[in-house]
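> First the structure, then my questions, so here it is.
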Amino acid sequence: MDAINTLAQNVVNALRVLGGVVVVGCLIWSGILWMTAAGNPRQIDTARGAFIGSFVGFAIVMAAPKIAAFIGSALGGV
């Protein structure tokens, strides 16, 4: 059972790192969109949506270990 818990923790940590890299990439992309909008309201709204989505993704990535622990305990794990 310890091997399964260790594997699950390693998978969650790897996905957390990958998710963090994706979040940073999305933040950079939304910043580029915003800076190149040149006053275009449609492009500013697109950039704003990407920016907000990036922070929602960041919150999910940071909460992933707690979510995984909750699911594990609900399924009868530790």
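> With (1) farther than 26 Å from residue 6 by Cβ; (2) in contact with a helix residue (DSSP H, G or I) (Cβ under 9 Å, 6 or more places away or on another chain) as the list, and residue 39 as the residue in question, which single condition is left unmet?
(2)
> Determine if region 26-41 includes at least one residue that is at pLDDT 90 or above and closer than 21 Å to residue 64 by Cβ.
The answer is yes, given that some residue of region 26-41 is at pLDDT 90 or above and closer than 21 Å to residue 64 by Cβ.
> Another question, if that's okay. Any residue in region 7-18 that's under 15 Å from residue 63 (Cβ atoms): show its pairings with residues that are in a helix (DSSP H, G or I) and among the small types (Gly, Ala, Ser) at Cβ separation under 6 Å, as long as the two are six or more apart or on different chains.
Pairs found: 12/64; 12/68; 16/64.
> Go over the candidates 38, 14 one by one and state the one that is in a loop (DSSP other than H, G, I, E, B), surrounded by fewer than 14 Cβ atoms within 10 Å (Cβ to Cβ) and either more than 9 Å from the chain's Cα centre (by Cα) or not aromatic (Phe, Trp, Tyr) (or both).
38 is the lone residue from the list that is in a loop (DSSP other than H, G, I, E, B), surrounded by fewer than 14 Cβ atoms within 10 Å (Cβ to Cβ) and either more than 9 Å from the chain's Cα centre (by Cα) or not aromatic (Phe, Trp, Tyr) (or both).
The values are calculated or read from the model by the stated rules, or taken from the named source; none is laboratory data. Note that the coordinates shown come from a computational prediction; the quantities given were computed from them, not determined experimentally. Every residue, glycine as well, gets a Cβ built from its backbone with ideal geometry; the counts of neighbours run over all protein chains shown.
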